[in-house]
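Undergrad: One structure, as C-alpha cells, below. Some questions next.
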Amino acid sequence: MTIIAPSILSADFMNLGPELKNFDNESNLWIHLDVMDGHFVPNLTFGATVLKNIKKYTNHPLDAHFMVRNPEDFIEPFKNIGTHNFTFHWEAVTHHDSLISKVKNNFDSCGISLNPSTPVEVIPTYLLEKIDLILIMSVNPGFGGQKFIEGSVDKVKQLADIRSKKGLKFQIQVDGGVNQQTAQTLRGAGANNLVAGSFIFGESSDKYSAQIQKLR
C-alpha cells in the first residue's frame, strides 16, 4: 500500500499534539517534517528543539526532509528526537557518499531529494543501491501555493524503470501539489510514498482519514 506522509507544515501548530492523534488509527503513514534553514530555501520552519517531544504524540515514523545547506549538522539533533527517515537535497551536498554513510549509521532510512530542475541521472547507480528513498520535488522547495510540475511524472517513471531493471528497493516519494488527481497519476507512474499538506490539513480533522484514502 502507498505510504502517505502528512506534512505537519500545514497543520495547526498551536494544537500539534491533537492534530497528530487524528492519525492514530491509520496504517502505512509517516509524519513528514519540512525542515528549512532560510538559506537553501528562503523560508525558515522548525528544528529539533521545537520537535523534541513529537514522539510523545505519534507512533508513526518521522520523515524529515532537510531543505538546508548543511544537512550533516542536523544528524545528531534529529537522531535524538527519534527520526526514522533522513532526506537531504542532492544540490546541497558535495560528498554524497560520505553523508549517506553518516546518515545510515544513525537512521533506519536515508533519502535523497531532487529539485524539479535536477535530472534523475545525476545519482549514480552505486548510490541508488545504498539509499532507501528518492524524493522528487514536484514544486520548487520553499515556496507555497505552486502548481504541480507535470514533468515530475516523467522523473518518477524513470526512477521506477531503473528500480525495476536493477532490482532495487528504494521508495519513490513525491512532494508538492499532491491531491486526489495527481496522486492517481503518480501512483500509476511508480510512486509509492506521497507527501500531502493542505490536501489533508485543509479539511476538518474528522475528514483527514477520508482525504488519505482518496490519495491511495
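Quick grid of which residues meet (1) surrounded by 20 or more Cβ atoms within 10 Å (Cβ to Cβ); (2) in a helix (DSSP H, G or I); (3) at pLDDT 95 or above:
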{"position": "A5", "(1), (2), (3)": "yes, no, yes"}
{"position": "M14", "(1), (2), (3)": "no, yes, no"}
{"position": "G17", "(1), (2), (3)": "no, yes, yes"}
{"position": "L20", "(1), (2), (3)": "yes, yes, yes"}
{"position": "S27", "(1), (2), (3)": "no, no, yes"}
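Undergrad: Which one of these does Y126 not meet: (1) part of a loop (DSSP other than H, G, I, E, B); (2) over 17 Å from the mean Cα position of the chain (by Cα); (3) not β-branched (V, I, T)?
TA: Looking at each condition in turn, Y126 falls short on (1).
Undergrad: Considering only segment 164-183, how many residues are closer than 21 Å to F88 by Cβ and in contact with a helix residue (DSSP H, G or I) (Cβ under 8 Å, 6 or more places away or on another chain)?
TA: Residues that pass the stated criteria total 7.
The values are calculated or read from the model by the stated rules, or taken from the named source; none is laboratory data. Quantities reported herein were computed from a predicted structural model and do not represent experimental measurements. So basically every Cβ, Gly included, is an ideal-geometry build from the backbone, and we count neighbours across all protein chains shown.
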